[in-house]
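Before any comments, here is the structure.
Where a number appears in this text, it was derived from the coordinates with a stated rule and is not lab data. All values reported here derive from a predicted model rather than from experimental measurement.
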């Protein structure tokens, strides 16, 4: 098989890679926003508990989490599909990193924003949702693009729980065509083709935010 033929064979798994990424975002985005905001607002023991949850997902090895949730949980009578385990583990791991961008984005806002909202008689939730989050989310948009790229690259591990993504297709080809240099070069190119357009979109978004007249600088 030529390098091009191998590459086309690997791309047969791009649908699974895209689906796991999209499914993972359903876990990553709510987790990042919810726990990032919670870490920003809470103090004391509550903040410690929120931080512990974030650090569990952020600091644990993804490959170990995949094995635990897919192979170990059934021993305790809890069975999750490979799709759910892959999306949940990859999504919450990426969400753990993104939550820190959410927290940092909120903390970076001038304190006068919150004080002005309070002077107008707005409640604390209203200040958060109407003043702080809109500004922080605009500034954090490139970070969320990076989260998508991180998710795509992490899908290389889901073949370990039987999903037929691009890495799984590469392993299938390797079983019948012993040419590791060509196969894994093609796999590298396949991931590059998927991730590079997302990276370009992130650069465009970052340029738009930094452009004069952008609302990222304040309200």
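Can you quote the Å³ per residue value for the convex hull of the Cα atoms in the range 1-91, rounded to an integer? Present the calculation step by step, with values, prior to reporting the outcome.
Numbers: hull volume 12.0 nm³, N = 91.
So the per-residue Cα hull volume is 132 Å³.
Of the residues 51, 42, 167, which exhibits the maximal mean-square fluctuation in a Gaussian network model of the chain defined by a 10 Å Cα contact cut-off?
Sorting by GNM fluctuation, first place goes to 42.
Reported to two decimal places, what Rg/Rh ratio describes the range 155-195 when computed on Cα atoms with Rh from the Kirkwood expression?
My calculation puts Rg/Rh at 0.96.
Distance from the Cα centre of the range 77-108 to that of the range 116-152, in angstrom?
Between the Cα centres of the range 77-108 and the range 116-152 lies a distance of 18 Å.
P(r) for the chain, please, calculated from all Cα pair distances in 5 Å bins and given in %.
Per 5 Å bin, starting at zero, the Cα-Cα P(r) for the chain comes out as 1, 7, 12, 14, 15, 14, 12, 9, 7, 5, 3, 1, 1, 0, 0 percent.
Give the average over all directions of the projected area of the C-alpha convex hull of the range 87-151, one decimal, in nm².
Seen from a random direction, the Cα hull of the range 87-151 projects 4.6 nm² on average.
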